[in-house]
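**Q** This structure is in structure tokens; I'll ask about it shortly.
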Amino acid sequence: MSMKEREIPFGRPWIGEEEKRAVLEVLEGPILTHGPKGHEFEKKFAEFIGGGTAVTTSSCMASLHLATMHFGFGPGDEVLVPAQTHVATVHAVELVGAKPVFVDCELKTGNIDLFDFEKKITAKTRGAIIVHFSGIPARMDRIMELASARGIKVIEDSALAIGARYKGIHTGLWGDAGCYSFYPVKHITTTEGGMFVSKNAETAKKVAHFRAFSVDRTHSERTIPGFYNVTGVGLNYRMGELQAALGVAQIDRIPEILRRRKSNFTRLKRGLLELDCGTVLDSEGPEQENSFYCLSLIMNGKWAARRNDLIFKLKAQKVGTSIYYPQPVPRMEYYSQKYGYNEKHFPNAARISDESIALPVGPHLNSEDMDYIVSSLKRALEG
Ligand SMILES: *Cc1c(COP(=O)(O)O)cnc(C)c1O
């Protein structure tokens, strides 16, 4: 198969005239932070996911940190986390002095292995952070069943899971809190930015204060300008109005973004399976509605050891790839030095890190791009 050379970036934010206009409008007005755009974004976001109270933050990491602080995890507590995730998930536990207890993942979805999850629950387990791996929703009914029976607080790291639903319920609305990311290559972007969501309005209200110095009233609530009180210790993890304006415009694009991602993923998966060189992480049934962040291909047999070589060969054909995630977190230097790392403990997480290639399916790409990725990989396998 010969195809004209294309350039396929792994990710590219979709910024149109609407976003540019929205940002300029903020710049022309008097309010640059803590204003109406932030509230509008929160309202629209909660509407999109179909529930909860949303609080804008400066990043998903900030949202996760706010969650672990809010639930009061600390020294002596254990919090279950996936071995296969972004470091932010684990840092949020480590930052409050609690102990991250790593759980291995399944090879079909990349989500935590529920048997390993259950096995690692101890009398010290106070919380769990569940990641919906590359947009494939975890089996939240079973997780909540295990957690609720023991009073374990569940935080859903939904950084890659906007549009992902399990049994019809959007990710982040099963647990005690949901955290989302608006980093440039994620589903929608505000440059940097995040959201914290909780079904419990009181939790959301407390976190909203906490992320703004724990000041007891906003500018508009102050009868004497400049006067406020402080009800506790706090942080500044706010999102500015420019970012919020971007977010408001981006939300309208989500349905089209999801449609394109799904169509690209479906076509790419079909083409890759014909090459018979690996397996594709995907949901296992219609109750798991994938948000298709990327397509992770786990190389089989002799290809597994040649993964990096294949990445170089794809790169030479201008196919952008990535690795989700580059190492099991317990193998990263900081965590392995602190807690030790045993090769045998997280075989599936290690397999995904060492033997998979994350391929792009974002809305900047079309079906011909998917065919180009397949033919480029075919060439890479042949040569
Ligand atoms: C990207 C990502 C994060 C971090 O998001 P930021 O908004 O950059 O802080 C956290 N968790 C997961 C699973 C991610 O993929």
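Throughout, read-outs are computed from the coordinates displayed, never taken from laboratory work. As the structure is a prediction and not an experimental result, all values here were calculated from the model. Heads up, the Cβs are rebuilt from the backbone with ideal geometry, glycines too, and the neighbour counts pull from every protein chain shown.
**Q** Across region 134-235, how many lysine pairs separated by 8 or more positions, or lying on different chains, have Cα atoms within less than 18 Å?
**A** 4
**Q** As a footprinting exposure proxy, order 361, 230, 207 by other Cβ within 10 Å, with the fewest listed first.
**A** Going from sparsest to densest Cβ surroundings: 230, 207, 361.
**Q** Working out 0.36 nm times the residue gap between residue 315 and residue 220, then minus their Cα-Cα distance, what length gain in nm do you get to one decimal? Display every interim value, and only then the final one.
**A** On the way: separation 95, 0.36 × 95 = 34.20 nm, distance 5.21 nm.
In short, 29.0 nm is gained.
**Q** How big is the dipole moment of region 212-312 about its Cα centre under a simple scheme where the beta carbon of each Lys and Arg is +1, that of each Asp and Glu is -1, and everything else is neutral? Debye, nearest 20, please.
**A** Values: 14 positive and 12 negative charges, 68 e Å.
Around 320 debye, computed over region 212-312.
**Q** Considering just Cα atoms, how many Å³ per residue does the convex hull of the chain enclose?
**A** So the per-residue hull volume is 138 Å³.
**Q** Sorted by packing (mean other beta-carbon atoms within 10 Å per residue), highest first, where do 172-182, 12-22, 137-147 land?
**A** The peptides rank, most packed first, as 172-182, 137-147, 12-22.
**Q** Another question, if that's okay. Using a Förster distance of 30 Å, how high is the FRET efficiency between residue 169 and residue 336, based on the Cβ-Cβ distance and rounded to 0.05?
**A** 0.25
**Q** Spin-label point model (7 Å from Cα, Cβ direction): what's the residue 6 to residue 266 distance in nm?
**A** 1.7
**Q** Give me the number: length gained by fully extending residue 252 to residue 14, i.e. 0.36 nm times residue separation minus the C-alpha to C-alpha distance, one decimal in nm.
**A** Fully extending the segment from residue 252 to residue 14 adds 84.5 nm.
**Q** Here's something else I'd like to know. Just for the chain, what percent of DSSP beta bridges are antiparallel, to the closest 5?
**A** Roughly 60 percent of the DSSP beta bridges within the chain come out antiparallel.
**Q** Fewest first, what order do 202, 284 take by the number of other Cβ atoms within 10 Å?
**A** Ascending number of Cβ neighbours within 10 Å: 202, 284.
**Q** Where the centre of each part is set by its Cα atoms, how far does region 95-109 sit from region 308-383, in angstrom?
**A** The distance from the Cα centre of region 95-109 to that of region 308-383 comes to 20 Å.
**Q** A further question on this structure: Can you check what the net charge comes to around residue 285, using other residues whose Cβ is under 15 Å from the Cβ of residue 285 (Lys, Arg +1; Asp, Glu -1)?
**A** So the environment of residue 285 carries a net charge of -1.
**Q** Could you tell me the relative contact order of the chain? Use alpha-carbon pairs under 8 Å, at least six residues apart, and round to a whole percent.
**A** Worked out over the chain, it gives 23 percent.
**Q** Could I ask something else about it? Size of the dipole of the chain about the Cα centre, Lys and Arg at +1 and Asp and Glu at -1 on the beta carbon, nothing else charged, in debye to 20?
**A** In debye, rounded to 20, the chain gives about 320.
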